[in-house]
Amino acid sequence: MQEMVANNLGSVAYFLPEMALTLGTIVLLMLDLIWKSHPNRVRLLTGSALTILAITAVLVWRQPADMRTIFNGLVANDGFATFFKWLFIMAGA
């Protein structure tokens, strides 16, 4: 059991881009509620969204390139996964 927990904690470094994108999206939704009546709302939200995508892109770029499964085999981190991460980041931008 302790080995599985240690494996999951070691997998977090490979899952940082997904976590940053998820937390960034939550922050973006909260900012939309806060800036609801702000006159520059669209500009501020667009800038925030692009900043979140840039942070995610940096984390994907810095991600270790070795092929492995993470979270006890639930998620694969390989070239195929990295390709689609870049594809979705570019589609979002």
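The values are calculated or read from the model by the stated rules, or taken from the named source; none is laboratory data. Quick caveat, the model's predicted, so the values are computed rather than measured. Cβ placement follows ideal geometry from the backbone for every residue including glycine, while neighbour counts extend to all protein chains displayed. To get the accessible areas, we keep the full protein, side chains included, count just its heavy atoms, and leave off ligands, DNA and RNA. Shrake-Rupley method; radii C 1.70, N 1.55, O 1.52, S 1.80 Å.
Taking other residues whose beta carbon is less than 12 angstrom from the beta carbon of Asp78, and scoring Lys, Arg as +1 and Asp, Glu as -1, yields +1. Could you tell me which residue out of Thr69, Pro17, Ala49 lies farthest along the dipole of the chain toward its positive end? Charges go on the beta carbon: Lys and Arg +1, Asp and Glu -1, centred on the Cα centre. The listed residue farthest towards the positive side: Ala49. Lys and Arg at +1, Asp and Glu at -1: add these up for the other residues within a Cβ distance under 15 Å of Val12 and post the number. Here the charged neighbours net out to +1. A simple count of charges around Leu59, restricted to other residues whose Cβ falls under 15 Å of its Cβ and scoring Lys, Arg +1 and Asp, Glu -1, yields +1. With all protein chains in place and a 1.4 Å probe, the accessible surface of the chain carries 72 percent carbon and sulfur. Computed over protein heavy atoms with a 1.4 Å probe, the accessible surface of the chain works out to 72 Å² per residue. For the chain, the Cβ-based charge dipole about the Cα centre amounts to some 420 debye (Lys, Arg positive; Asp, Glu negative; other atoms uncharged). Entry for the chain at q = 0.11, 0.15, 0.18 Å⁻¹: log10 I(q)/I(0) = -0.41, -0.66, -0.84, Debye formula applied to identical alpha-carbon scatterers, no solvent contribution. Computed on the chain, with alpha-carbon pairs under 8 angstrom and 6+ residues apart, the relative contact order is 34 percent. For the range 27-77, the equivalent ellipsoid derived from the alpha-carbon gyration tensor has semi-axes of 34, 13, 5 Å in decreasing order.
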